[in-house]
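Enquirer: I'd like to ask you about the structure that follows.
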Amino acid sequence: MFTLVKNGAKRHFLSMYCIKLELFFSTTNAQPNLMPEFLVNSLGYSRDKAISASNKVTFLKPGNNKPYLVLDFFKNIGLDKTQIKMLVSPAPSLLFANVENTLKPKIKVLEEFGLSGSDLARVISRSGAFFRTSLDSGIKPSLKYLREVLSSDDSVVKAIKRAPTLLHYHLHRAMAPNISLLRNLGCSSLDIEKLFLRNPRIFLQKPEWLEDIVERVEKDFGIRTDSRMFFYGVEMLSSLSKSSLEMKLGIFKSFGWSDSDITMMVQRLPLCLTTSEAKLRNVLKFFMGELGYESSYIASHPTLLMFSLEKRVLPRNKILELLKEKKLIKRVPCFYTVIKCSEWEFLETYVLPLRDEMPEV
């Protein structure tokens, strides 16, 4: 009898507990979550993406105006709807940040360096986790460290504009080992600054990765650390995967280039290997197939590979052919000389003096 009463009491307790839970959730759900509606109407989210994003953030109840304040703040600093979505999509909780205490102080730090207007908007929209990075332990120490590494605030701004994601790294931790590595190789502060401004991401890699790049620049291409091309070699290898590099070297070999030709070319201009595979094929086909240049000549004049075929090389070659055909030029210049001169020099030397004889040009 006692057992039956005890079991009955348990069932009664569980029944009452379930009823209370149902009342709690029905009361909560009675207030609609306004977040999906906000994302659709204010930022142009699709209904499905708005619902998905809303599941990651605080329940937006009527009267909570934080997302509207954040949205107005972003608009006031020059962000458009697309840029705001770039910030909000990976972290919808940003819409509930405190504008006065969290967002404004971070923007003020960047403005003090001279970032403003469209530059500021572009940097912020591409800065990744900038607004989720601590101001005092992350952003300020990083900017202070950049000031020490670079020669001026203008250089700091150039670096940030080139790689906005710098703003969410602890740069003094990430960069210091790589800078020490390069300094131990004899690189000056000016050399390091130049490389950093060309490709800041190199300095954010693990030191072991950079050590491997440096070793390959010397071992594979014979570019010594005291060569003025050394940093360009580092930049070139850091921008290419090993498979991509092999693919590009294979293109040269398919045109009959020897290893010594390729080495000479890279030693003179490492960045020529950053040219796209399609452009390399087209340029080599034109210079070697149509003009009959030897690989050794191109290897010793690697800037030929960098000029635009459509905008520079072919038009100038066409004009030079017309000059020779009409016998308007007594001494045919070296085509390399014609290609490398500036636009104004080309017009002044080969076009404007002959405009009466070649009105079609």
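Enquirer: Residue pairs, Cβ under 7 Å, 6 or more apart or interchain, first in the stretch 307-320 and free of Cβ contacts under 8 Å to residues at least 40 places away in the same chain, second not in a helix (DSSP H, G or I). List them.
Expert: V313/F307
Enquirer: What about K311, is it at pLDDT below 95, basic (K, R) and on the phi > 0 side of the Ramachandran plot? Spell out the reasoning first.
Expert: On the way: at pLDDT below 95: yes; basic (K, R): yes; on the phi > 0 side of the Ramachandran plot: no.
It is false that K311 is at pLDDT below 95, basic (K, R) and on the phi > 0 side of the Ramachandran plot.
Enquirer: Under 17 Å from S295 (Cβ atoms) and either free of Cβ contacts under 8 Å to residues at least 40 places away in the same chain or polar (S, T, N, Q) (or both): is that true of G233 in this structure?
Expert: In short, no.
Enquirer: Taking the stretch 220-263 only, how many residues are loosely packed, with under 14 Cβ neighbours inside 10 Å and aliphatic (A, V, I, L, M)?
Expert: 1
Enquirer: Another one. Looking at A163, A176, can you tell me which residue is more than 20 Å from the chain's Cα centre (by Cα) and within 29 Å of L87 (Cα to Cα)?
Expert: From the options A163, A176, the qualifying one is A176.
Enquirer: Please return the ranges of helices (runs of 4 or more DSSP H) entirely within the stretch 18-115 where 2 or more residues are surrounded by 16 or more Cβ atoms within 10 Å (Cβ to Cβ), modelled with pLDDT of 85 or more and not acidic (D, E).
Expert: Those helices (runs of 4 or more DSSP H) span 66-76, 81-88, 104-112.
Enquirer: Which residues, taken from the stretch 289-301, are surrounded by fewer than 19 Cβ atoms within 10 Å (Cβ to Cβ), part of a helix (DSSP H, G or I) and either of a type outside the set (D, E) or in contact (Cβ under 8 Å) with a residue 60 or more places away in the chain (or both)?
Expert: Once the filter is applied, which keeps residues that are surrounded by fewer than 19 Cβ atoms within 10 Å (Cβ to Cβ), part of a helix (DSSP H, G or I) and either of a type outside the set (D, E) or in contact (Cβ under 8 Å) with a residue 60 or more places away in the chain (or both), the stretch 289-301 yields G289, S296, Y297, S300.
Enquirer: Right, next: Within the stretch 263-288, can you find the residues that are under 18 Å from I339 (Cα atoms) and outside any helix (DSSP H, G or I)?
Expert: L269, T275
Enquirer: If I ask for residues that are exposed (fewer than 12 other Cβ atoms within 10 Å of the Cβ), in a helix (DSSP H, G or I) and within 37 Å of the chain's Cα centre (by Cα), which ones from the stretch 316-344 would you list?
Expert: Answer for the stretch 316-344, where residues must be exposed (fewer than 12 other Cβ atoms within 10 Å of the Cβ), in a helix (DSSP H, G or I) and within 37 Å of the chain's Cα centre (by Cα): K318, T337, E343, W344.
Enquirer: Related question: How many residues are within 23 Å of L79 (Cα to Cα), out of contact with any Phe, Trp or Tyr (no Cβ under 7 Å at 6 or more places or on another chain) and touching a residue at least 40 places away in the same chain (Cβ under 8 Å) when one looks only at the stretch 125-167?
Expert: 10
Enquirer: Give the residues of the stretch 204-237 that are within 29 Å of Y169 (Cβ to Cβ) and of a type in the set (G, A, S), sorted by residue number.
Expert: The one that is within 29 Å of Y169 (Cβ to Cβ) and of a type in the set (G, A, S): G233.
The values are calculated or read from the model by the stated rules, or taken from the named source; none is laboratory data. Every value quoted in this text rests on a predicted model; they were computed, and no experiment measured them. In this analysis, Cβ positions are derived from the backbone assuming ideal geometry, glycine residues included, and neighbour counts consider all displayed protein chains.
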